[in-house]
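Have a look at the structure below before the remarks.
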Amino acid sequence: MSASERFIALTLAWTVAGAALAGEASPESAPAHKTSPDQAPAQKTSPESAPAQKTSPESAPAQKTSPESAPAQWLERMNRALTTRNYDGTFSHWHGGQVEMLRIIHRVQDGTVSERLASLDGSGREFIRAGPSLTCYLPDKRTVLVEQRPPQESLVGFPAVNDQTASFYDIREVTHTRLNRRDTHVITVSPKDEYRYGYRLWIDDSTAMPLKTQLCDRRGHVIEQIVFASLTLPAHIPDSAFKPDVSTAGFQWLRNESGPPAPAAATLAWNAMRLPPGFRMAARSAQTLPGSADPVDHLVFTDGLASVSVFVEAQRRGQADQPAVPESAAVGSSSAFSTVIDGHKITAVGEVPPDTVRFIASQLKAEEPAAVSSRRR
Amino acid sequence: MNEELDSQLSAMFDDELAPEECELLARRLSRDEQLKARWGRYAVIGAAIRSERGVLNAALAGRVSAVILAEPALAAAQGARRAPARWWQPLAGAAVAVGVAVGSVLWLRAQAPFTAAPPSAQLTATVSVPAAALLPAAAAGAADSYVVPRAPAVRAMVPSTELANYVVAHSVFSSPVGRRNLLSAFMASESGTAAEEPPVEPEGNVR
Amino acid sequence: MSADASDLSLVRRVQRGDKGAFDALVLKYQHKLVKLVMRYVRNPAEAEDIAQEAFIKAYRALPQFRGDSAFYTWLYRIAINTAKNAVVSRDRSPIEYDLDRNSEESYDMQGRMKDSETPEGLVLTEEIRSTVNAAIDALPEDLRTAIVLRELEGLSYEEIAAAMACPVGTVRSRIFRAREAIDRRLREVFEGGLGRAEELG
């Protein structure tokens, strides 16, 4: 058992760290931190670099040289590792009294992300991403969903920790400990209100991969946990690794329409009248969803850590006479909420507590038609 | 307050309290989180004085408590039917307890400044717990007291295809960690293995 | 004979359906049980697992407990059996993983880290130990003697009264006051920052 470390509470010199992050991470500045291709080059440089890198090559120059860098930098490194490195691992996912084993394979090659997430127990479901194409195999429903994303989204920028984020989360390095014979930094991200979740992350000192992740409610109760059982970071992963194990004979295939939807679609622009503190709109697009040709407005709100998507669809004919019963659903710790406003179906989904999606969805309102496409990506 | 009364807990802890007084105090102890927390700290004090090895917190107690809460009350095992028929509804105390975790110690929290409510109340309605999650792993001998849950409520854990679309479309915009949680949960299904507390071992079987 | 009246009063409540009463029993005996199990397994995480299993078995078997023996004796036997079984069946095949020849970094989980060994848990142990020790050093001598005789030597109040040449009531009072003094400091440790949100208000 490892030594018991002295409890460390880092008083974060936030402005310094925040500024450095903003400089190095690039997705920040404008609220629209999304899918610009500029990020691709910056992220491409890291995967094949020297092994056992203790600090990422993009460390902000002004920062410390010692491993005890600001906790937020560890988050940054972790995010970078997760999005830019090749890895292949199995992990357990625990939530709501159930545990399941999954396999994840992730590769970044020539600016394209390939990813495969497969359930090793029960469901047999698989999620495969190959560049702009997201495919979801649902053998238990005998269905395959295929969603084409716009090509330039391949290396999408994730929500980035920034100055705003610190106002709503307390980010600390709690200790430096060994987890299964690896040195890890334990970073806690504690939400300052009920609108968001907290995290405890055991971040590997040498690869910055999160070996163990706990998603917690505001009081620190673990709601969801992911722990890697095995993990390798190979230099090369063959294409065959991203083929599904599922046989799809007789399955229903649902695809979305690629390309922008008919102009008649977004005559109204929607926005949230109020948002929980710290949330702001980060992206907005129009798309169609697999299985339907109807256009859907897709808004993304984020507080830098958690993000919530809101989908707005005109109610289909025949649905108008259905009562507008708000519906809640949960996907693990993530929440979804659906309601009808002004004849449109509003659905909010995000890694936030149920009340937050409910709040955001309820605040949706159509803006004046004039204010439309100016904010489109 | 009167020291005679106050010191009852300490005396009972040492098994030096008259039986009648034990009965009364036991009742208070089982319901009063503050009292329970103090009792727990008495145990920690003893262990610390004896320099016992092992971790000095009550995470273990928290885990056991969570498991026990999900089990039928012992009276039920003797024939009386109880709440299990309503597992599929999130019930304070019963249904929600499976979400109670580990690092957050049951009795430590009672000391948190603004929290007087018992742990179960805090978790009410924030998590929709699938019916299957409430089955303890191996109910030795008590299996016959369980009622098979009826059809899951609206709060289904397994997303409909429509929700699946939203999840996938949203996943592109989540943070890497959030995304992994979201998609993993989405990949998982009701056929996952019951595990009352978050395991570390990757094996599906917990107990 | 009121020996074990304390445990019995709790046990009876549990038998009648009061689960909270079982918490009290677990809180009281968890350290003892882990210490006992560690005679069989070295790894503290594993010991905790086994202790946990023992408690749960005890809970389920409680309807059959009649009070012929002391509760702790009964619990103790369950724990030993559980520990022995665990040791016997412990031979698990190692987790397989592919070692990619090109891989830069790889590792394999063979040890286990229980969640009670969250960093907060480990840190807390040291804090607690030093806090308790410091508090004891700061106690007036009569309080310190009383609590040490009780916790370290396991003497009954009567025995302590004889050793300290004072009435039993005084012993009870001294032990209580010693615990309260230590507890005052201990509460600060628990309420101190553990990365949780409570302190942020």
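The values are calculated or read from the model by the stated rules, or taken from the named source; none is laboratory data. Since the model is a prediction, treat every value here as computed from it, not as a measurement. So basically every Cβ, Gly included, is an ideal-geometry build from the backbone, and we count neighbours across all protein chains shown.
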Which members of the stretch A:163-207 meet the condition of being touching a helix residue (DSSP H, G or I) at 6+ places or on another chain (Cβ under 8 Å), facing chain C (nearest Cβ under 7 Å) and of a type in the set (Gly, Ala, Ser)? A:Ser190
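Quick check on my filter: what residues within the stretch C:156-179 are assigned to a helix (DSSP H, G or I) and among the polar types (S, T, N, Q)? Spell out how you get there, then give the answer.
Taking the stretch C:156-179 and keeping what is assigned to a helix (DSSP H, G or I), we get C:157-164, C:168-179.
Result: C:Thr170, C:Ser173.
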All positions within the stretch C:8-21 that are part of a helix (DSSP H, G or I) and within 7 Å of chain B (Cβ to nearest Cβ): C:Ser9, C:Leu10, C:Arg13, C:Val14, C:Gln15, C:Lys19, C:Gly20, C:Ala21
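Can you tell me which residues in the stretch A:94-132 are out of contact with any Ser or Thr (no Cβ under 9 Å at 6 or more places or on another chain) and at negative phi?
Restricting attention to the stretch A:94-132, the residues satisfying the condition of being out of contact with any Ser or Thr (no Cβ under 9 Å at 6 or more places or on another chain) are A:94, A:97, A:109-110, A:114-116, A:118.
The answer is A:Trp94, A:Gln109, A:Ser114, A:Glu115, A:Arg116, A:Ala118.
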Any chance you could count how many residues in the stretch A:334-370 are within 11 Å of another protein chain (Cβ to nearest Cβ), free of Cβ contacts under 8 Å to residues at least 24 places away in the same chain and either acidic (Asp, Glu) or more than 14 Å from A:Ser307 (Cβ to Cβ) (or both)? 1
Being over 17 Å from the mean Cα position of the chain (by Cα) and under 20 Å from A:Glu100 (Cβ atoms) narrows it down to one of A:Val186, A:Val222, so name that one. A:Val222
Would you say A:Asp205 is farther than 25 Å from A:Ser307 by Cα and touching a Ser or Thr at 6+ places or on another chain (Cβ under 8 Å)? yes
I'd like to know if the stretch C:50-69 contains one or more residues that are more than 7 Å from chain B (Cβ to nearest Cβ), crowded, with 19+ Cβ neighbours inside 10 Å, within 27 Å of B:Leu9 (Cα to Cα) and charged (D, E, K, R). no
Sort through C:Ile128, C:Ile160 and tell me the only one that's of a type in the set (Val, Ile, Thr) and at pLDDT 90 or above. C:Ile160
Of all residues in the stretch C:22-48 being closer than 12 Å to C:Thr82 by Cβ and in a loop (DSSP other than H, G, I, E, B), which is nearest to the other protein chains (Cβ to nearest Cβ)? C:Val41
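Residues are listed down the side, and each one gets a yes or a no for (1) at pLDDT 50 or above; (2) of a type outside the set (Gly, Ala, Ser):
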| position | (1), (2) |
| --- | --- |
| C:Arg60 | yes, yes |
| C:Phe71 | yes, yes |
| C:Tyr76 | yes, yes |
| C:Ile80 | yes, yes |
| C:Ala86 | yes, no |
| C:Asn102 | no, yes |
| C:Met109 | no, yes |
| C:Asp115 | no, yes |
Condition check for B:Val44: modelled with pLDDT of 90 or more, under 20 Å from C:Lys35 (Cβ atoms) and at the interface with another protein chain (Cβ under 7 Å from one of its Cβ atoms): yes
Only one of (1) in contact (Cβ under 8 Å) with a residue 40 or more places away in the chain; (2) facing chain C (nearest Cβ under 8 Å); (3) surrounded by 24 or more Cβ atoms within 10 Å (Cβ to Cβ) fails for A:Pro210. Which number is that? (2)
Can you tell me which residue is surrounded by the fewest Cβ atoms within 10 Å (Cβ to Cβ) among those in the stretch A:288-313 that are touching a residue at least 40 places away in the same chain (Cβ under 8 Å) and over 16 Å from A:Phe337 (Cβ atoms)? A:Gly291
